[in-house]
Amino acid sequence: MSEEPKTPGTSRRAFLRGSALAAGALAAGRASAAGPDPLITEVQPWAQVFGDGVDATPYGMPIRFEDHVVRRNVEWLTADVTSSINFTPIHALEGTITPQGCAFERHHSGAIEMSKQDYRLMINGLVDQPLVFTYADLERFPRTVQTNFCECAANSGMEWGGAQLQGAQFTHGMIHNMEYTGVSLRTLLDEAGVQPEGTWVYIEGADASSNGRSIPIQKALDDVLVAFFANGEALRKEHGYPVRLVVPGWEGNLWVKWLRRIEVTNGPVEAREETSKYTDLMPDGRARKWTWEMDAKSVITSPSPQAPWRQGPGPMVITGLAWTGRGKITRVDVSLDGGKSWQEARLASEPQSMALTRFHFDHVWDGSEMLLQSRAIDETGYVQPTKDELREIRGLNSVYHNNGIQTWWVKPDGEAENVEVS
Amino acid sequence: MSKYRDLLIGAAILSALAAPAMAEKLGIGRPALPEEIAAWDVNVMPDGEGLPQGAMSVEDGEQVFVDNCAACHGDFAEGLDNWPPLAGGRGTLTDTRPVKTVGSYWPYLSTVWDYVHRSMPYGNAQSLTPDEVYGITAYILYSEGLVDYDFVLSKENFTEVRLPNEDGFYVDDRVEAEFPTFQREACMAGCKDAVEITRKASDLAVTPTNDAGKPEGTIPDFTTAAAGGAEAEPAVATEDDSAAATPASTGPDPELIAAGEQAFRQCQTCHDVGDGARNKTGPHLNELFGRLAGSLDGFRYSRQFVAAGEEGLVWTEETLHDFLMQPRDYIKGTRMSFRGFRDDADIAAVTAYLQTYTE
């Protein structure tokens with residue numbers, strides 16, 4: 001995006017003003033050269049001999065210095081890795097697109113290996129003509145491209161009882177954001193001909209869990225995508241190769257992988273994943289169901305517990321991600337003092353609907369401790385609430401949809417900790 | 001749902017710009033055959049639509065449950081280790097630790113039948129007959145005290161059974177209940193007088209940590225010393241380690257071991273093997289060959305398994321083969337829900353694979 005940043009004024013001015021004030025600290029923080037740097041004055045091996053030839057890695061992996069940037073699991077969360085989740089290393093990523101190889105995984109019966117040859121998609125139920133498509137058939141349909149975030153409803157769910165996990169990866173990493181190419185579900189449903197009494201669709205996958213979910217027909221005909229490319233290449237096995245559903249703005253459990261069947265029905269199936277799971281227990285002992293939309297949310301990805309600030313006082317980049325399942329992010333604010341005061345952050349590009357928005361806040365750090373927070377605002381006027389405000393309404397047992405404001409306590413040595421504040 | 005109307009209008013305007021024009025059907029795909037629909041369209045609705053013929057008593061269902069479900073869910077549906085309990089927990093939904101089970105939380109019995117039929121037993125889905133699914137469902141109801149021991153569940157009486165928490169759910173009301181509070185002017189200054197830290201994650205210390213005691217995934221410090229091109233090469237060293245852990249080429253057939261690793265996937269939900277292997281639902285399988293049956297410290301075996309060990313059953317290629325052919329015939333009463341390999345070749349492969357983890 002080449003657009004001007006939406007709100008460069010305030011933070012840029014503050015940045016320059018801060019620069020002048022902190023000039024002393026900056027000088028102290030900058031390493032003065034004790035002598036000529038041998039990395040510059042001596043001929044280094046990489047400047048002398050060959051590096052790798054082409055094809056050294058026919059499909060490239062990140063250089064070994066980045067081997068910490070991987071998905072990670074928290075073992076005690078689940079009984080077994082085949083029905084479990086891991087976390088995107090958002091603390092170490094920038095921009096908005098999540099590389100497939102480190103985008104979080106959630107399986108209910110393990111990631112299955114399904115070839116394009118073996119792939120079949122059925123549409124049945126209340127349609128004029130039940131149909132079967134092969135993968136090759138899907139390739140004939142007109143395609144659309146759209147970028148969307150996929151957030152597990154349980155993202156930040158471990159934090160309902162209080163600050164628990166150290167790092168944005170663990171507290172907010174059940175999310176990824178990819179550019180998908182596929183066929184709109186509407187196109188496929190039109191091909192089968194939805195009958196007037198069809199008010200819902202039931203979606204299921206080809207794996208042993210099948211992960212069936214019910215979706216109202218309005219959403220199914222709106223912006224849902226039957227996707228087979230992500231970030232320009234085929235989906236990864238762990239994300240549902242060869243075909244998955246993309247349900248913009250709605251909880252990740254609906255994004256059924258290894259998509260095999262779409263049934264038009266006249267009511268919800270009330271399957272396991274929409275009754276015993278993915279329902280939100282409230283303080284009165286009753287539970288909300290069909291809580292599909294992901295509310296506006298944001299998190300500072302750096303600095304954060306896994307991304308300590310080691311450069312010391314002086315210019316500092318504070319950055320993070322914001323998103324909403326109800327349209328576009330319009331603004332993100334950052335607080336350095338635990339929410340006493342707020343300043344507007346720069347949005348890195350024009351926000352897209354139901355996609356991650358990157359924000360930056362250029363700060364000159366004086367080296368004193370900070371209580372960093374970010375606060376997302378979306379186009380409905382919704383302002384991301386604090387965790388305590390959510391608890392006030394939802395109690396501690398709702399598991400899902402925790403979109404409360406996150407606090408990182410950045411200490412003078414640049415280390416950060418997950419805390420909650422009054 | 002007026003927001004959908006707005007969305008659809010918006011989509012119509014946008015479609016002129018970006019979406020492909022779809023004037024008529026494209027004639028892609030082929031009609032689904034009745035047999036195909038019957039094979040895949042097996043979901044059951046809350047009103048019982050989709051249930052096949054069948055029936056089973058609680059008493060017979062108990063045996064099916066013990067054979068197929070109890071290894072994870074417990075003999076009394078109480079849930080073992082981290083696996084979910086299926087019964088109990090009524091009256092706990094407002095507690096600090098609510099127990100959400102079929103009896104305490106699930107709204108519809110159809111969900112139980114549907115899920116067990118399609119996705120259970122875990123690791124061997126779609127292997128149960130409709131009668132067996134009626135039996136398991138009946139036994140869960142019995143465990144919850146909702147039916148008597150002589151009860152028989154069938155397609156005919158299925159919808160007569162209602163779960164206690166059917167009315168415990170309501171449709172998402174965030175827009176009405178929360179938006180009036182959260183759609184507001186965002187405070188920019190003087191938002192609160194004082195800020196105190198009230199909770200710290202370090203007090204719990206439950207985050208996975210690296211060797212330095214920092215959270216896993218902490219970005220390494222590159223701000224101080226130069227990395228240098230001639231530094232140790234950890235990636236290569238790691239490969240050497242794993243190479244050392246697998247047998248040399250003069251040993252067993254690597255293809256057989258690889259096939260065994262594949263076949264072992266059916267086992268690994270319950271059995272760990274290799275570096276750091278721990279007891280899970282089943283005992284870990286390191287140093288298996290030469291091990292006395294039922295002898296691993298810290299694992300809770302079935303009574304019958306311990307007895308087999310006391311009678312001198314030692315795991316060898318031969319005894320493992322016979323066990324894996326017919327586990328439940330070989331050790332009657334074993335908690336292992338696996339029904340055995342159909343193919344001798346799989347057993348040979350799994351054996352070769354496991355042997356790589358016995359010194």
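The values are calculated or read from the model by the stated rules, or taken from the named source; none is laboratory data. Note that the structure is a prediction, hence the values are computed from the model and not measured. We place every Cβ from the backbone using ideal geometry, glycine too, and count neighbours over all the protein chains shown.
Could you list, in sequence order, the residues of the range B:163-206 that are polar (S, T, N, Q) and either more than 31 Å from the chain's Cα centre (by Cα) or under 30 Å from B:L109 (Cα atoms) (or both)?
Scanning the range B:163-206 gives B:N165, B:T181, B:Q183, B:T198.
In the list A:E238, A:E159, A:E179, A:E197, which residue meets the criterion of being surrounded by fewer than 24 Cβ atoms within 10 Å (Cβ to Cβ), touching a strand residue (DSSP E or B) at 6+ places or on another chain (Cβ under 6 Å) and acidic (D, E)?
A:E179
Taking only pairs six or more apart or across chains, which ones have beta-carbon atoms under 9 Å, a first residue in the range B:154-169 that is assigned by TED's automatic domain parsing to the domain that holds B:G89 and free of Cβ contacts under 8 Å to residues at least 40 places away in the same chain, and a second residue that is surrounded by fewer than 13 Cβ atoms within 10 Å (Cβ to Cβ) and charged (D, E, K, R)?
Going by the 9 Å Cβ cut-off, there are no qualifying pairs.
Do you know which residues across the range B:281-313 are modelled with pLDDT of 85 or more, more than 21 Å from B:T358 (Cα to Cα) and not in a helix (DSSP H, G or I)?
Correct list: B:E311 only.
Looking only at the range B:267-295, which residues are buried (at least 19 other Cβ atoms within 10 Å of the Cβ) and more than 21 Å from the chain's Cα centre (by Cα)?
Across the range B:267-295, the qualifying residues are B:L288, B:A293, B:G294.
B:N82 versus (1) outside any helix (DSSP H, G or I); (2) facing chain A (nearest Cβ under 9 Å); (3) touching a residue at least 12 places away in the same chain (Cβ under 8 Å); (4) under 22 Å from B:F338 (Cβ atoms): which is the lone unmet condition?
That leaves (3) as the condition not met.
Residues are listed down the side, and each one gets a yes or a no for (1) surrounded by 11 or more Cβ atoms within 10 Å (Cβ to Cβ); (2) at pLDDT 75 or above; (3) more than 25 Å from B:T223 (Cα to Cα):
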site: A:E3; (1), (2), (3): no, no, yes
site: A:S11; (1), (2), (3): yes, no, yes
site: A:L21; (1), (2), (3): yes, no, no
site: A:A34; (1), (2), (3): no, yes, no
site: A:E42; (1), (2), (3): no, yes, no
site: A:H68; (1), (2), (3): yes, yes, no
site: A:N73; (1), (2), (3): yes, yes, yes
site: A:S84; (1), (2), (3): yes, yes, yes
site: A:A92; (1), (2), (3): yes, yes, no
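Checking the structure you have, find out if any residue of the range A:120-142 is among the hydrophobic types (A, V, I, L, M, F, W, C) and more than 13 Å from every other protein chain (Cβ to nearest Cβ).
Scanning the range A:120-142 turns up no residue that is among the hydrophobic types (A, V, I, L, M, F, W, C) and more than 13 Å from every other protein chain (Cβ to nearest Cβ).
When the residues of the range B:127-182 are narrowed to those that are of a type in the set (F, W, Y) and in a loop (DSSP other than H, G, I, E, B), which ends up farthest from the other protein chains (Cβ to nearest Cβ)?
Among those that are of a type in the set (F, W, Y) and in a loop (DSSP other than H, G, I, E, B), it is B:Y149.
Which numbered condition trips up A:N148, out of (1) in contact (Cβ under 8 Å) with a residue 24 or more places away in the chain; (2) assigned to a strand (DSSP E or B); (3) farther than 30 Å from A:T386 by Cβ?
It fails just one condition, (3).
Given (1) modelled with pLDDT of 90 or more; (2) part of a helix (DSSP H, G or I), identify the lone condition not met by B:G217.
The one condition B:G217 does not meet is (2).
Just for the range B:35-68: of the residues that are away from every other protein chain (no Cβ under 14 Å) and assigned to a loop (DSSP other than H, G, I, E, B), which one is nearest to A:G125 (Cα to Cα)?
B:P52
Provide a single number: the residues in the range B:170-194 that are in contact with a Ser or Thr (Cβ under 6 Å, 6 or more places away or on another chain) and either in contact (Cβ under 8 Å) with a residue 40 or more places away in the chain or over 24 Å from A:T330 (Cβ atoms) (or both).
0
Got at least one residue in the range A:306-318 being at the interface with chain B (Cβ under 7 Å from one of its Cβ atoms), within 21 Å of the chain's Cα centre (by Cα) and under 30 Å from A:Y202 (Cα atoms)?
No, that holds for no residue.
Identify all residues within the range B:49-65 that are surrounded by 17 or more Cβ atoms within 10 Å (Cβ to Cβ) and either without any contact (Cβ under 8 Å) to a residue 24 or more places away in the chain or more than 24 Å from the chain's Cα centre (by Cα) (or both); write none if there are none.
Across the range B:49-65, the qualifying residues are B:L51, B:G54, B:A55, B:M56, B:S57, B:V58, B:D60.
Out of B:T96, B:T92, I need the residue that is facing chain A (nearest Cβ under 8 Å) and either surrounded by fewer than 20 Cβ atoms within 10 Å (Cβ to Cβ) or in a loop (DSSP other than H, G, I, E, B) (or both). Which one?
None of the other options fit; the residue is B:T96.
Using beta carbons and a limit of 7 Å, which pairs, at least six apart or on different chains, have the first residue in the range B:105-126 and over 27 Å from B:T92 (Cα atoms) and assigned by TED's automatic domain parsing to the domain that holds B:C267 and the second one crowded, with 21+ Cβ neighbours inside 10 Å and among the hydrophobic types (A, V, I, L, M, F, W, C)?
none
Of the numbered conditions (1) at pLDDT below 95; (2) more than 23 Å from the chain's Cα centre (by Cα); (3) more than 10 Å from chain A (Cβ to nearest Cβ), B:F76 satisfies every one except a single condition; which is it?
The single condition B:F76 does not satisfy is (2).
For A:I123, indicate whether it is surrounded by fewer than 17 Cβ atoms within 10 Å (Cβ to Cβ), more than 20 Å from the chain's Cα centre (by Cα) and of a type in the set (A, V, I, L, M).
no
Residue-by-condition table, conditions (1) more than 10 Å from chain B (Cβ to nearest Cβ); (2) part of a helix (DSSP H, G or I):
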position: A:E350; (1), (2): yes, no
position: A:M354; (1), (2): yes, no
position: A:S368; (1), (2): yes, no
position: A:L372; (1), (2): yes, no
position: A:R375; (1), (2): no, no
position: A:T380; (1), (2): no, no
position: A:P385; (1), (2): no, no
position: A:L390; (1), (2): no, yes
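Filter the range A:348-375 for residues that are surrounded by 23 or more Cβ atoms within 10 Å (Cβ to Cβ), within 20 Å of A:T98 (Cα to Cα) and in contact with a Phe, Trp or Tyr (Cβ under 7 Å, 6 or more places away or on another chain) and give the result.
Those that are surrounded by 23 or more Cβ atoms within 10 Å (Cβ to Cβ), within 20 Å of A:T98 (Cα to Cα) and in contact with a Phe, Trp or Tyr (Cβ under 7 Å, 6 or more places away or on another chain): A:M354, A:L356, A:T357.
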